[in-house]
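Beneath this line is the structure, given in structure tokens, with notes to follow.
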Amino acid sequence: MASMASSSAPLILLVLLLGSIMVASAANLNQDFDITWGDGRANIINNGELLTLSLDKTSGSGFQSKNEYLFGKIDMQLKLVPGNSAGTVTAYYLSSKGSTWDEIDFEFLGNLSGDPYILHTNVFSQGKGNREQQFYLWFDPTADFHTYSILWNPQRIIFSVDGTPIREFKNLESNGVPFPKNQPMRIYSSLWNADDWATRGGLVKTDWTQAPFTASYRNFNANACVWTSGASSCGSNSPSATSSNNAWLSQELDSASQQRLQWAQKNYMIYNYCTDTKRFPQGLPTECTTS
């Protein structure tokens, strides 16, 4: 496993080297995000270079993007709550509004000191989720910043960690599976207490003597189509929409990236709804049985 990981380091860089920016986000996080709740527990500091969310026994905190997006390549570096983070959840996701919303989720489930975080992923389309895949990470996500990416184009959604793809959700509308493609989504993130379920099914509770808990964010980048007043910045009349530099709009996993995906899923996936036959006694979801 180690030899495979070292030999594929250039592949990680290749995955990260996508096309030029359609809508380039500024380095100043104040220009991209609004603090939405937390009563002072969320802060943008260091001249907009760093955003922190905190959680104590009274409240968590959260933020959202100023822009809505309809397709994009979204990158954010996160450093998660260190130490005994059991009971806490750091959520980072894209979501639309309404009863038939779309959503693309990263959720980081805290754990006791020394035990690994669980990275929980999910995809909702037209209000239907139940598409969970969970992973351990191959590094300590509390020791330093790492890049968590969502590639969302009309053909597929790809979740990546430090450039390594861990999950792909393909557009299988032709097989009757709804796909997020019509509803613009904002980026949301929050740090909150979920000790009723987050750690070992709720058996391990949050240790409030460790509070405040803090997660940190930096180096946000969005190569994306911004949705404004019912129109996309990537509309057919926009010169950028046809630029050869916007490869992410039609990007798929090449053979090297598929190998990295298989490596991550073989070694680090701990739950896959597509293999949970007890959960789906009437048959697995269509997308699980369609290539």
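Pick from segment 71-103 the residues that are touching a Lys or Arg at 6+ places or on another chain (Cβ under 9 Å) and open to solvent by 20 Å² or more (accessible area, probe 1.4 Å): which of them is farthest from T199 (Cα to Cα)? Spell out how you get there, then give the answer.
Residues of segment 71-103 that are touching a Lys or Arg at 6+ places or on another chain (Cβ under 9 Å), as a first pass: 71, 76-79, 86-87, 94-97, 100, 102.
Still in the list and also open to solvent by 20 Å² or more (accessible area, probe 1.4 Å): 71, 77, 79, 97, 100.
Values: F71: 32, Q77: 23, K79: 19, K97: 28, T100: 29 Å.
This residue is F71.
The condition of being touching a residue at least 40 places away in the same chain (Cβ under 8 Å) and charged (D, E, K, R) holds for only one of D196, D140, D207, that being D207. The single condition among (1) open to solvent by 30 Å² or more (accessible area, probe 1.4 Å); (2) part of a strand (DSSP E or B) that P116 does not satisfy is (2). Within segment 166-196, the only residue that satisfies the criterion of being among the charged types (D, E, K, R), closer than 30 Å to R41 by Cβ and in contact with a Leu (Cβ under 9 Å, 6 or more places away or on another chain) is R186. Taking the conditions (1) open to solvent by less than 20 Å² (accessible area, probe 1.4 Å); (2) closer than 20 Å to L119 by Cα; (3) among the polar types (S, T, N, Q) in turn, Q262 satisfies each one other than (1).
The values are calculated or read from the model by the stated rules, or taken from the named source; none is laboratory data. Remember, it's a predicted structure, so these values are computed and weren't measured experimentally. Here the Cβ is made from the backbone with ideal geometry for all residues, glycine too, and neighbour counts use every protein chain on show. We work out accessible area using only protein heavy atoms, side chains counted, and drop any ligands, DNA or RNA first. Shrake-Rupley method; radii C 1.70, N 1.55, O 1.52, S 1.80 Å.
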